Amino acid sequence: MTTSIGSDCLLEVQDLHVEFPTRDGVVKAVDGVDFSIKHNQTVGVVGESGSGKTVTALAILQVVSQPGKISGGRVLLRQESGNAVDIASLNPRGKAIRAIRGKDISMIFQEPMTSFSMMHTIGFQIVEAIRLHQNIGNHEARSIAIDMLRRVGIARPEERVDAYAFELSGGMRQRAMIAMALVTHPRLLIADEPTTALDVTLQAQIMELIRELQRELGMSVLLITHDLGVIAENCDEVIVMYLGEVMERAGVQHLFADPLHPYTRALLRSIPRLGHGKEWELEPIEGMVPSPYNRPTGCPFHPRCPAFIPGKCDTLRPELVEVGDGRAVRCHLYSL
Ligand SMILES: Nc1ncnc2c1ncn2[C@@H]1O[C@H](COP(=O)(O)OP(=O)(O)OP(=O)(O)O)[C@@H](O)[C@H]1O
Ligand SMILES: [Mg+2]
C-alpha cells in the first residue's frame, strides 16, 4: 500500500480513532485526531484528565490495552529508508511493529511499573533492549546501560543495574524507565508525564538530558504533560485535546500569547500568574468533564463553554480549521 506523508514529517497521525467497547457502551477515547511531528521537533500535548492523551500515545505504538482497538485512521511513520509505513495497519503482535518499538519509537510510560517485568533485573531488560536493535556484545551493552542510568541521575548505577524494578523507589523506577527509553536512541520519543513523580531539580535534569539527546541524535519528541512550564520551555508546537479530539494546534508562542479556543483559554487561565513552581500547573476548569459514555452532541466542550452559541454549538460538530500561522482550531467562533 502506498502511503503519503508530509515531506518533512517523521510521524503523521491522520483521523485516528480508538474505541473501548465496554459493558456500559463504547468509549471513543480518541475520536478523529490529526497531527504531525517533524524531524527534530518537540510537540506537546495538553488537556484535562481523560482527554485521550495517553491512548493516542499508546495507539502510535500499537499497545492499546484490550478490549481497546484502533477503529480508524492512519499513523504514518517515515522509516530510515525514506518510505512511510502505516503503523495503525500493522498486527500489534507482529514482527514489523516489534522492529519499530524501541528502535524507531520509544515511550516513557505514565505508569512506570508497566514497562518493567518483575522477572528480571532492570539491567537485564535495558541490555536486552539495546541488543535487540544493535549488534553488540553483552558486556558493552551493560556498560552502555550503566552509563545511561548515570545520566538519568541514578547514583551508584554499577550496583543499581542489578536491582529489580520493585526494589526501586517510584522516582528511581521512573528514571530507570527513562534510561531504557533513551538508550536505544529512538528517532521518536513519546514521553507521557515523564517527570511527574520526580522533584523539580531532577525534572529539569531529565528534560535537559532529553534536549541534549535531541541535539546529539536529531530525535523528535511527543511530550504529554500537565506542566505548562515544561511545555513552554521544551515544545515547538502544542496540541490541545478534549474528549478525544484536537481542539487547537499551534506554535508554542502563539498558543501562550493568544489562545484561540475557549477551552484553551480556560486551560491557560493561570498564565498571568506564571513564573513559579506550582502556578504553572493547569487550573481546574469550571464544570465537569462529561462521562465518556455520554458525549455531548455538537462541540464536546459546549456544556462548559462561556462562548456557547445555542442552536449551533450543541448541534453541529465543528471542523478543525486552519487559521493561518500554522494554527488550527476546532470552534464555531472561527469557522464562520
Ligand atoms: N482500558 C480502558 N478501558 C476503557 N476505557 C479506557 C481504557 N483506557 C482509557 N480509557 C478511557 O479513554 C479515555 C481517554 O483516556 P486517557 O488515559 O487517554 O486520558 P488522558 O488524557 O491520558 O488522561 P490523564 O491526564 O489522566 O492521564 C478516558 O475516557 C478513559 O476512561
Ligand atoms: Mg494519561
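The values are calculated or read from the model by the stated rules, or taken from the named source; none is laboratory data. Since we're looking at a predicted model, the values are computed, not measured. Here the Cβ positions follow ideal geometry from the backbone for every residue, glycine too, while neighbour counts run over all protein chains shown. Only protein heavy atoms, including side chains, enter the accessible area calculation; ligands, DNA and RNA are left aside. Shrake-Rupley method; radii C 1.70, N 1.55, O 1.52, S 1.80 Å.
Full-extension gain between Thr22 and Asp258, please, as 0.36 nm times their residue separation minus the C-alpha to C-alpha distance.
Values: separation 236, 0.36 × 236 = 84.96 nm, distance 3.92 nm.
Length gained between Thr22 and Asp258: 81.0 nm.
Please report how far the C-alpha centroid of region 54-95 lies from that of region 1-41, rounded to the nearest whole angstrom.
Going from one Cα centre to the other spans 8 Å.
In deg cm²/dmol, rounded to 500, what helix-only [θ] at 222 nm does the chain give when every DSSP H run of at least 4 residues adds -39500 (n - 2.57) and the total is split over its residues?
On the way: 10 runs with 94 residues, N = 336.
Using -39500 (n - 2.57) per qualifying helix, the result is -8000 deg cm²/dmol.
Amide H neighbours of Tyr242 under 5 Å, at least 5 residues apart or on other chains, H built in the peptide plane: list them.
Amide H to amide H, under 5 Å and 5 or more residues apart or across chains, Tyr242 pairs with Met247.
Please identify the helices of the chain, taking whole runs of DSSP H, that span at least 15 Å along their own axis as judged from the Cα atoms and have a mean Kyte-Doolittle score of 1.6 or higher. If you can, show how the numbers build up before the last one.
On the way: long enough: 122-133 (17 Å, 0.92); 138-151 (20 Å, -0.69); 170-182 (18 Å, 0.47); 200-217 (25 Å, 0.08).
Going by DSSP H runs, there are no hits.
Given the options His120, His226, His39, which has the most mean-square fluctuation in a GNM of the chain, springs set between C-alpha atoms less than 10 angstrom apart?
Among His120, His226, His39, the largest mean-square fluctuation in the Gaussian network model of the chain belongs to His120.
Given 4 °C and 1.567 mPa s, how large is the Stokes-Einstein diffusion coefficient of region 20-150 in µm²/s, with Rh as the Kirkwood radius over Cα pairs? Write down the numbers at each step before the final one.
Values: Rh = 17.0 Å.
D = 76 µm²/s.
Between Phe166 and Thr196, what is the FRET efficiency for a Förster distance of 35 Å, r being their Cβ-Cβ separation, to the nearest 0.05? Numbers along the way, then the final one.
Numbers: r = 20 Å, r/R0 = 0.56.
Efficiency computed from Cβ-Cβ geometry: 0.95.
Between Val252, Val45, Val221, find the one with the highest GNM mean-square fluctuation for the chain; connect C-alpha pairs within less than 10 Å.
Comparing Val252, Val45, Val221 in a Gaussian network model of the chain, the most mobile one is Val252.
Please identify every one of the trypsin sites (Lys or Arg not before Pro) in region 9-71 that sits in a loop by DSSP and has no more than 10 other beta carbons within 10 Å of its own beta carbon. Don't jump to the answer; show the numbers that get you there.
On the way: sites: Arg23, Lys28, Lys38, Lys53, Lys69; in loops: Arg23.
Loop-located and lightly packed - Arg23.
Can you tell me the order of 134-140, 291-297, 75-81, 195-201 when each peptide is scored by its average per-residue count of other Cβ atoms within 10 angstrom, highest first?
Working: 134-140: 10.3, 291-297: 12.9, 75-81: 16.9, 195-201: 15.1.
Those peptides, ordered most packed to least, come out 75-81, 195-201, 291-297, 134-140.
What ratio of Cα Rg to 2.2 N^0.38 Å holds for region 78-146?
Numbers: Rg = 14.0 Å, N = 69, 2.2 N^0.38 = 11.0 Å.
Cα-based Rg divided by the globular estimate yields 1.27.
Could you check the spin-label model distance between Thr114 and Leu217? Points 7 Å from the Cα along Cα→Cβ, value in nm.
With each label placed 7 Å out from Cα toward Cβ, I get 2.2 nm.
What does the chain give for Rg and for Dmax, in Å, if only its C-alpha atoms count?
Taking only Cα atoms of the chain, I get Rg and Dmax of 20.2, 67 Å.
Just to confirm, what accessible area per residue do you get for the chain at 1.4 Å probe, in whole Å²? All intermediate terms of the calculation are to be shown ahead of the outcome.
Working: 15370 Å² over 336 residues.
About 46 Å² of surface per residue is accessible.
Under 5 Å between amide hydrogens, which residues at least 5 positions from Gly73 or on another chain qualify, with H placed 1.01 Å from N in the peptide plane?
Here His17 satisfy the definition.
Could you tell me the calculated FRET efficiency between Val321 and Ser143, based on Cβ-Cβ distance and R0 = 51 angstrom, to the nearest 0.05? Before the final figure, lay out the partial values.
On the way: r = 52 Å, r/R0 = 1.02.
Efficiency at R0 = 51 Å is approximately 0.45.
Please count, across the chain, the pairs of lysine residues with Cα atoms under 17 Å apart that sit 8 or more places apart or on different chains.
On the way: Lys28/Lys53; Lys28/Lys69; Lys53/Lys69; Lys95/Lys103.
So the count works out to 4.
Among Asp258, Asp192, Asp104, determine the one that fluctuates most according to a GNM of the chain built with springs between C-alpha atoms less than 10 Å apart.
Asp258
What is the chain's relative contact order, in percent, from Cα pairs under 8 angstrom and six or more apart in sequence? Let's see the in-between values first.
Numbers: 623 pairs, mean separation 62.4, N = 336.
Contact order relative to length: 19 percent.
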